[in-house]
Amino acid sequence: MENEKKFIPFVPSDSNMREFTLRALLIGLVLAIVLGAANAYLGLKAGMTIAATYPAAVIGMALLKFFKGSILEENFTRTVGSIGESVAAGAIFTLPAFYIAGIWSGEEFSSTSSYLTASLILLTGGTLGVLFVALLRRVMVEDKDLPFPESVAAAEIHKSGQDGSGGSKLLFGAMIIGATVKIAGELKLFATSWITFAKAGTVSISGGLTKDAGFVLGGPNISPAYFGVGYIIGPRLASLNFAGSVIAWGLLVPMFLLLAGSEFVQNIAGAGVDIDTISEASTEAWLGAATIIWKELVRIIAIGGMLVAATFTLYNMRESLTTGLKRSVKDLKKASQGSDTNVERTDKDLKPAWIFIGIGLAAVMTFIITYFIFNTGLIIALASSTIMIVLAFFFSAVSGYLVGIIGSSNNPISGLTLTALVVTALILVLLGVDQSSNGGVAAVLGVAAIVCVAAAVGGEMFQDLKAGHILGGTPWKMQLGDLIGVAISAFVMYGVLIVLNQGDINMGLNNGYVGGFGSKELSAPQAGLMATLSQGIVAGQMAWSLIIAGMVMGLAFILMQVKSPMLIFVGMYLPFETVFAIFVGGLIKGILEIYVSKRKYNEGQKAKVENTGVLLASGLIAGEALMGLLIAIFAIFNIFFADFFGIANPQYMIGILVLLAIAYFLVRIPLKKGLSK
C-alpha cells in the first residue's frame with residue numbers, strides 16, 4: 001500500500017478555480033427540471049429513462065464556454081443538472097402506484113394535499129440519498145475494484161473540452177456517430193433489435209398430455225451507448241451480466257412456457273389465430289406469452305435473488321461501510337475540536353453534524369407522512385421511519401456499488417425498489433398490517449418511494465462524485481448543489497405527473513379508452529407492478545414460491561463463489577437485448593485486448609490505447625443520450641421520427657453491419673493511436 005501512487009486530480013487540490021457560482025447553479029437547476037421532466041414522460045410511456053449525466057455535461061459545457069466558465073463550474077453544473085433525472089425516476093417508479101392502487105383516485109391525485117405529500121416523499125428520499133453518499137463517498141470513489149464507467153466517460157468529456165487536441169476531435173466525432181446511429185434507428189432505416197420464437201417440437205407428459213416447447217431467439221440492441229458501457233466495463237463484468245440474461249431467456253422462460261402450455265398462448269393470441277402454424281400472428285403470440293412470463297414470473301425470481309445478492313453485496317462492503325461511518329464520526333470529533341482545517345479541498349464533504357441532523361429530520365418527516373397523512377397506527381409509523389432509514393442507507397450503498405460497476409444507465413432502480421418494497425411489506429405485515437388496516441398499503445408504498453428516490457439519487461450522486469474526484473471538484477460543494485437540485489426537482493416532478501395523468505385521462509375521454517396511469521398510452525409499468533405487489537403482500541396473496549426460488553438461486557451463486565451475484569440478477573431483470581448489447585461491447589474490448597497482447601505494446605502504448613478507447617466509448621454514450629433526449633422532447637408533442645419514412649420492415653442485417661462498423665471503429669482507432677508518437 002505504501003508504494004501506491006497518490007491519486008492526482010485534473011485540477012490540483014490547492015487550486016482556487018471558480019466552482020460553485022450562481023450561473024453554474026442556475027444552469028444546473030434548469031437542466032435538472034428539463035431533463036427530469038423529459039425522463040418522467042419517457043419512463044411513464046416506456047418504463048425506462050435516459051441517463052442525464054451526458055446531456056447535462058455537454059449542454060452545461062457548451063453554455064459555460066460562452067460565459068468563459070471553468071472546468072469545475074462545468075462539473076458542478078453537470079452534477080446539479082443530472083440529479084433531476086434521478087428524482088424523476090424515483091417519482092415515476094412509485095408515485096403512480098398510489099393512483100393505480102386506488103389510494104389517490106380521481107381528483108384526489110391532483111389535489112393540493114397529494115401534491116404536498118408526494119413532494120415531501122421525493123424531498124425526503126432525495127435528501128437522504130445525498131446525505132448517505134456524503135457518509136460513504138471516500139471509500140466508494142477510491143475503491144480500485146469499481147471502474148465507474150460512466151463517471152470516467154463524463155470526466156473525459158470535460159477534459160477533452162479544455163484543449164484543442166485530437167482528443168476533443170475523437171470525442172465529438174464519436175458523439176456524432178452515436179447520435180447518427182440513434183436517429184437512423186429511430187427513423188427505421190434499420191431495425192435496432194431482432195427477436196423471434198423458435199418452436200422446438202412437443203414434449204410428452206405422463207397422463208397422455210403433450211406440451212409445445214420452444215425458445216426465444218434474439219440479437220443485441222443496436223445501441224452505441226450500450227456498446228460503449230460494455231466496452232468500458234470490459235469483457236469479464238459484461239459476461240457476468242449476460243449470464244443472468246442467458247439464465248432468464250435460455251432456461252427459465254422456456255421452462256415456464258412449456259409448463260404453461262399452448263392454452264396460455266392461445267388465450268393471448270385470441271380467436272382466429274392458429275398458433276401451431278408458422279405465421280407472423282402465431283410468432284407474435286408465442287413472443288407475447290414469453291414476455292409475460294419474463295415480466296410476471298422470471299423478474300419476480302430475479303427480485304428474490306436481488307434480496308440475497310443485496311445482502312451478500314452489503315456483507316462484502318461491510319468494511320467500506322464501517323470505514324465510511326467511522327470516518328464520519330472521526331470527522332465530527334475533529335470538527336468539534338476545531339482540528340479539521342487541514343483537510344484538502346478535494347476531500348471535504350458536508351459537515352457530519354449536518355448530515356446526521358438531516359437524517360434525523362428525514363426520519364421525523366417519514367413518521368409525519370405515515371402517521372398523520374396515511375393515518376397508520378403509532379407502532380406502524382415508528383417502524384416505517386426506522387425501516388426507511390435502514391433500507392435507504394443500504395440500498396443507496398448497493399446502488400452506488402452497481403453504478404460503480406455498470407453505470408447509472410443500467411442501474412436497476414426499479415428492481416432495488418421492488419426488493420425494498422417486499423422487505424417493508426413483510427415487516428409491516430408481521431406488525432399487524434393487513435388490507436383492512438388504515439394506510440397499510442399507503443405506508444408500504446410511501447417507504448418504498450422514499451427508498452427508491454434515495455437509491456436513485458445515491459447512485460447518480462456516486463457517479464457524479466467519482467467524475468468530480470477525477471476532475472478535482474470539491475465534494476461538499478457538489479453535495480450542497482445536489483441538495484438544492486433535489487429540493488427544486490421534488491416540488492416540480494409531481495406537478496409533471498399530474499399534468500401527464502390528467503392529459504391522458506382527457507385523451508382517453510376523446511378517444512374511447514380509460515386514461516390515466518396504467519392505461520395503454522401511459523402504462524407506468526414499474527408503478528403498476530409495485531401497486532400489485534404491495535396489495536398482494538398485504539392481502540396475503542403473494543407468489544412467495546417465486547421469491548424463495550430466487551433467494552435459493554442467489555444462495556447457490558454465493559456457494560459457487562460467484563464474485564457478483566447481483567450482476568447476474570440484474571441481467572435477469574433487464575431486457576435481453578439491452579444486456580446482450582452491453583455484452584457485445586465487452587467482447588469488443590476483449591478483442592482489442594487480444595490485439596494489444598499479440599502486438600506486445602509497451603506500457604505507454606497500452607495507456608494510449610486505453611485512453612483512446614475510453615474517449616471513443618464516452619462519445620458514443622453521450623451522442624446517443626443527447627439524441628435520445630431530443631427524441632423524447634419531440635415525443636411529448638406527439639412527433640415521432642418513425643413516422644417520417646414509414647419503412648414497414650426495416651432490416652436488422654443493416655443493424656448488424658452498423659454494429660460491425662462500430663466494433664471496427666472501437667478497435668482500429670485505439671490500436672492506431674497506440675503506435676503514434
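The values are calculated or read from the model by the stated rules, or taken from the named source; none is laboratory data. It should be emphasised that the depicted structure is a prediction, and the values quoted were computed from it without experimental measurement. For neighbour counting, all protein chains shown are included, and Cβ atoms are generated from backbone atoms with ideal geometry for every residue, glycine included. Only protein heavy atoms, including side chains, enter the accessible area calculation; ligands, DNA and RNA are left aside. Shrake-Rupley method; radii C 1.70, N 1.55, O 1.52, S 1.80 Å.
Among the residues of region 64-121, count how many are of a type outside the set (Gly, Ala, Ser) and more than 22 Å from residue 456 (Cβ to Cβ). Let's see the steps before the verdict.
Keep residues of region 64-121 that are of a type outside the set (Gly, Ala, Ser), which gives 64-68, 71-80, 83, 85, 87, 92-96, 98-100, 103-104, 107-109, 112, 115-117, 120-121.
Narrowing further to those that are more than 22 Å from residue 456 (Cβ to Cβ): 64-68, 71-74, 107-108, 112.
Total meeting the criteria: 12.
Sort out which residues of region 353-387 are β-branched (Val, Ile, Thr), in a helix (DSSP H, G or I) and open to solvent by less than 30 Å² (accessible area, probe 1.4 Å), and write them in order of number.
355, 359, 366, 369, 370, 380, 387
I'm told residue 267 meets every condition in (1) free of Cβ contacts under 8 Å to residues at least 40 places away in the same chain; (2) within 23 Å of residue 574 (Cβ to Cβ); (3) not charged (D, E, K, R) except one. Can you identify the failing condition by its number?
Going through (1) free of Cβ contacts under 8 Å to residues at least 40 places away in the same chain; (2) within 23 Å of residue 574 (Cβ to Cβ); (3) not charged (D, E, K, R) one by one, residue 267 breaks only (2).
So is residue 624 surrounded by 19 or more Cβ atoms within 10 Å (Cβ to Cβ) and of a type in the set (Asp, Glu) or not?
Considered against the rule, which asks whether it is surrounded by 19 or more Cβ atoms within 10 Å (Cβ to Cβ) and of a type in the set (Asp, Glu), residue 624 comes out as yes.
Of everything in region 432-467, what is farther than 25 Å from residue 566 by Cβ and either acidic (Asp, Glu) or assigned to a helix (DSSP H, G or I) (or both)? Give them in sequence order. Walk me through how you get there before you give the answer.
So in region 432-467, the residues farther than 25 Å from residue 566 by Cβ come out as 432-443, 446.
Of everything in region 432-467, those that are farther than 25 Å from residue 566 by Cβ and either acidic (Asp, Glu) or assigned to a helix (DSSP H, G or I) (or both) turn out to be 434, 440, 441, 442, 443, 446.
Go over the candidates 250, 261 one by one and state the one that is in contact with a Lys or Arg (Cβ under 9 Å, 6 or more places away or on another chain) and assigned to a helix (DSSP H, G or I). If you could, list the steps in order and put the result at the bottom.
Working: 250 fails: in contact with a Lys or Arg (Cβ under 9 Å, 6 or more places away or on another chain).
Just a single option satisfies the conditions, and that option is 261.
Restricting region 558-591 to residues that are of a type in the set (Val, Ile, Thr) and in contact with a Gly (Cβ under 8 Å, 6 or more places away or on another chain), which is surrounded by the most Cβ atoms within 10 Å (Cβ to Cβ)?
Looking only at region 558-591, we keep the residues that are of a type in the set (Val, Ile, Thr), and these are 558, 562, 568, 570, 578-579, 582, 584, 588, 591.
The next check asks that each one be in contact with a Gly (Cβ under 8 Å, 6 or more places away or on another chain); those that pass are 568, 570, 579, 582, 584, 588.
Numbers: 568: 25, 570: 27, 579: 30, 582: 33, 584: 23, 588: 25.
Checked region 558-591; the qualifying residue surrounded by the most Cβ atoms within 10 Å (Cβ to Cβ) is 582.
Is it true that residue 196 is part of a strand (DSSP E or B), over 22 Å from residue 654 (Cα atoms) and open to solvent by 20 Å² or more (accessible area, probe 1.4 Å)? Break it down into steps so the answer makes sense when it comes.
On the way: part of a strand (DSSP E or B): yes; over 22 Å from residue 654 (Cα atoms): no; open to solvent by 20 Å² or more (accessible area, probe 1.4 Å): yes.
In short, no.
Does residue 594 satisfy being surrounded by 19 or more Cβ atoms within 10 Å (Cβ to Cβ) and part of a helix (DSSP H, G or I)?
Numbers: surrounded by 19 or more Cβ atoms within 10 Å (Cβ to Cβ): no; part of a helix (DSSP H, G or I): yes.
Criteria not met by residue 594.
Search region 79-110 for residues being assigned to a helix (DSSP H, G or I), of a type in the set (A, V, I, L, M) and within 21 Å of residue 421 (Cβ to Cβ), and hand back the single one that is modelled with the highest pLDDT.
So the first thing to find is which residues in region 79-110 are assigned to a helix (DSSP H, G or I), and the list is 79-94, 96-100, 106-110.
Among the residues that remain, those that are also of a type in the set (A, V, I, L, M) are: 80, 83, 87-89, 91-92, 97, 100.
Keeping just the survivors that are within 21 Å of residue 421 (Cβ to Cβ) gives 87-89, 91-92, 97, 100.
Values: 87: 92, 88: 88, 89: 85, 91: 88, 92: 86, 97: 88, 100: 86.
Going through the qualifying residues, I end up with 87.
Taking the residues in region 301-344 that are among the basic types (Lys, Arg) and surrounded by 14 or more Cβ atoms within 10 Å (Cβ to Cβ) as candidates, determine which candidate is modelled with the highest pLDDT.
Residues of region 301-344 that are among the basic types (Lys, Arg), as a first pass: 318, 326-327, 330, 333-334.
Subsequent filtering for residues that are surrounded by 14 or more Cβ atoms within 10 Å (Cβ to Cβ) retains 327, 334.
Values: 327: 70, 334: 64.
In this case the residue turns out to be 327.
Could you check residue 555 against (1) surrounded by fewer than 24 Cβ atoms within 10 Å (Cβ to Cβ); (2) touching a Pro at 6+ places or on another chain (Cβ under 8 Å) and say which number it fails?
Failing condition for residue 555: (2).
Output the residues belonging to region 65-110 that are free of Cβ contacts under 8 Å to residues at least 60 places away in the same chain and either charged (D, E, K, R) or on the phi > 0 side of the Ramachandran plot (or both). Working first, answer last.
Taking region 65-110 as the starting set, the residues that turn out to be free of Cβ contacts under 8 Å to residues at least 60 places away in the same chain are 66-70, 73, 77, 102, 104-108.
Correct list: 68, 73, 102, 106, 107, 108.
Identify the residue in region 533-585 that is in contact (Cβ under 8 Å) with a residue 40 or more places away in the chain and of a type in the set (S, T, N, Q) and, among all such residues, is farthest from residue 103 (Cα to Cα).
Ranking the qualifying residues of region 533-585, first place goes to 564.
Can you find a residue that is surrounded by fewer than 24 Cβ atoms within 10 Å (Cβ to Cβ) and at pLDDT 90 or above anywhere in region 44-60?
Scanning region 44-60, I find no residue that is surrounded by fewer than 24 Cβ atoms within 10 Å (Cβ to Cβ) and at pLDDT 90 or above, so the answer is no.
Quick check on residue 169: is it more than 29 Å from residue 536 (Cβ to Cβ), part of a helix (DSSP H, G or I), out of contact with any Leu (no Cβ under 6 Å at 6 or more places or on another chain) and open to solvent by 10 Å² or more (accessible area, probe 1.4 Å)?
Working: more than 29 Å from residue 536 (Cβ to Cβ): yes; part of a helix (DSSP H, G or I): yes; out of contact with any Leu (no Cβ under 6 Å at 6 or more places or on another chain): yes; open to solvent by 10 Å² or more (accessible area, probe 1.4 Å): yes.
Answer is yes for this residue.
Pairs only if they're at least six apart or on different chains, beta carbon under 6 angstrom, first in region 464-491 and open to solvent by 10 Å² or more (accessible area, probe 1.4 Å), second of a type outside the set (Phe, Trp, Tyr) and assigned to a helix (DSSP H, G or I); list them, first residue then second.
466/141; 466/151; 469/141; 470/155; 483/130; 488/29; 491/119
I need a count of the residues in region 264-300 that are open to solvent by 20 Å² or more (accessible area, probe 1.4 Å), farther than 29 Å from residue 548 by Cα and part of a helix (DSSP H, G or I).
Adding up the residues that qualify gives 6.
Taking the conditions exactly as written (modelled with pLDDT of 85 or more and out of contact with any Lys or Arg (no Cβ under 8 Å at 6 or more places or on another chain)), does residue 32 satisfy them or not? Steps first, please.
On the way: modelled with pLDDT of 85 or more: yes; out of contact with any Lys or Arg (no Cβ under 8 Å at 6 or more places or on another chain): yes.
So residue 32 fits the description; yes.
Cβ contacts < 7 Å: first residue without any contact (Cβ under 8 Å) to a residue 24 or more places away in the chain and more than 16 Å from residue 156 (Cβ to Cβ), restricted to region 7-18; second residue open to solvent by 100 Å² or more (accessible area, probe 1.4 Å) and among the small types (Gly, Ala, Ser), any location; separation 6+ or different chain. Result?
none
Run down 178, 164 and say which single residue is modelled with pLDDT under 70 and either over 30 Å from residue 657 (Cβ atoms) or not in a strand (DSSP E or B) (or both). First the steps, then the outcome.
Numbers: 178 fails: modelled with pLDDT under 70.
Within the list 178, 164, the selection yields 164.
Suppose we filter region 427-481 for residues that are at pLDDT below 90 and of a type in the set (Ser, Thr, Tyr); how many remain?
2
Taking region 635-653 as the search range and keeping residues that are at pLDDT 75 or above and loosely packed, with under 15 Cβ neighbours inside 10 Å, which one is farthest from residue 584 (Cα to Cα)?
My answer is 649.
Starting from region 111-140, take each residue that is assigned to a helix (DSSP H, G or I) and list its partners that are among the polar types (S, T, N, Q), counting only C-beta distances under 6 angstrom and pairs at least six apart or across chains.
129/396; 130/479; 132/396; 134/479; 135/328; 139/320; 139/323
In the list 390, 429, which residue meets the criterion of being in a helix (DSSP H, G or I), free of Cβ contacts under 8 Å to residues at least 24 places away in the same chain, β-branched (Val, Ile, Thr) and surrounded by fewer than 24 Cβ atoms within 10 Å (Cβ to Cβ)? Lay out the reasoning, then the answer.
Details: 429 fails: free of Cβ contacts under 8 Å to residues at least 24 places away in the same chain.
Step by step, each of 390, 429 is checked, and only 390 is in a helix (DSSP H, G or I), free of Cβ contacts under 8 Å to residues at least 24 places away in the same chain, β-branched (Val, Ile, Thr) and surrounded by fewer than 24 Cβ atoms within 10 Å (Cβ to Cβ).
Go through region 302-316 and report how many residues are aromatic (Phe, Trp, Tyr) and either in contact (Cβ under 8 Å) with a residue 40 or more places away in the chain or at positive phi (or both). Walk me through it before giving the result.
Of all residues in region 302-316, those aromatic (Phe, Trp, Tyr) come to 312, 315.
In the following step, the residues that additionally are either in contact (Cβ under 8 Å) with a residue 40 or more places away in the chain or at positive phi (or both) were identified as 312.
Qualifying residue count for the region: 1.
If you check 632, 617, 581, 607, which single one turns out to be at pLDDT below 80 and within 20 Å of residue 236 (Cα to Cα)? Before you say what the answer is, go through the steps one by one.
Values: 632 fails: within 20 Å of residue 236 (Cα to Cα); 617 fails: at pLDDT below 80; 581 fails: at pLDDT below 80.
Exactly one of 632, 617, 581, 607 is at pLDDT below 80 and within 20 Å of residue 236 (Cα to Cα), namely 607.
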